[in-house]
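Every read-out reported here was derived from the displayed coordinates using simple, explicitly stated rules and does not represent laboratory data. These numbers were taken from a predicted model, which means no experiment stands behind them. Cβ coordinates were reconstructed from backbone atoms using ideal geometry, including for glycine residues, and neighbour counts include every protein chain displayed.
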Amino acid sequence: MNKDKLIFLDTETTGNDSEARLCQVAYKFEGKEAEGFFKPPIPISIEAMAVSHITNKMVADKESFSNSAMKKDLEKIFSDERNIFVAHNADFDARILQNEGLIIGRKIDTVKIAQYLDEKGEIPRYNLQYLRYYFDLDLELKDAPAHNALGDIRVLEKLFDYLFEKMEENLISEEDILEKMIEISALPVLLKKFNFGKYKGEKVEDVYRKDARYLRWLWEQKEKAKQRGEENDENWIYTLEYYLK
């Protein structure tokens, strides 16, 4: 397929909160890869360091993203409304970029596409590295190390290709597939199974029939976390509201 208007992008950040800033960004656009490390305006949290292994010392002498050539390049790319932002958990990366002053338009979220195509709820987890091995994507670890922005965009592109081929079974036109992916990515996904907690592995529909109080309690916890600005787990909120209505 023609990927000229797709920008595959991943960030490593100071944390997961609403004020988080990037410390590494990598992207691929028009067949070319770009990567950069940056000194964020706030410290990298220990939790984030434990995942990305990017420390405050590592970026102490780096330039800020706000003054970088990479930001100018991304501003130019995103200014073209024909271009489509592709990321795993795209809303998070889009929020990080928006915190850096970039405006993101159309998005494709490979998490939501994988969830949408998993009609029977058979996939236990949807994080990028799990799907990398679940779908047996053809990538050497040395070429795509985990929790590194550059490595992650290489996995991301392979995952996108795999999901795109799956959608080709029902849609013929490349343009139709991309538009469907954008549509799916803009809406919450109805989840089929629990992948956590005491009902892990069970269908949400079955849990609702035998323990609707648990669904009500979980919805309240998700709503409270959203209101506190800690997490907006829109897929679970939508799923729980669907059954509790």
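Things worth noting here:
- Ranked for footprinting exposure by Cβ neighbours inside 10 Å, fewest first, Arg154, Arg125 give Arg125, Arg154.
- For the chain, calculated [θ]222 nm from helices alone, where every DSSP H run of n ≥ 4 adds -39500 (n - 2.57): -13500 deg cm²/dmol
- Two-site label geometry, Lys224 and Lys32: point separation in nm, points 7 Å out along Cα→Cβ: 5.1
- Only aspartates and glutamates eight or more places from Lys180 in sequence, or on another chain, were considered; those with a Cα closer than 12 Å are Asp109, Glu168.
- Among Val51, Val86, Val155: highest mean-square fluctuation, GNM of the chain, C-alpha pairs under 10 Å: Val51
- Label sites at Ala186 and Asp4, each approximated as a point 7 angstrom past Cα along Cα to Cβ, lie 2.5 nm apart.
- Max mean-square fluctuation residue, GNM over the chain, Cα-Cα springs under 10 Å, options Ala90, Ala34, Ala20: Ala34
- Straight Cα distances below 13 angstrom link Lys3 to the aspartates and glutamates Glu30, Glu157, Asp161, Glu174, Glu175, with same-chain residues fewer than 8 positions distant left out.
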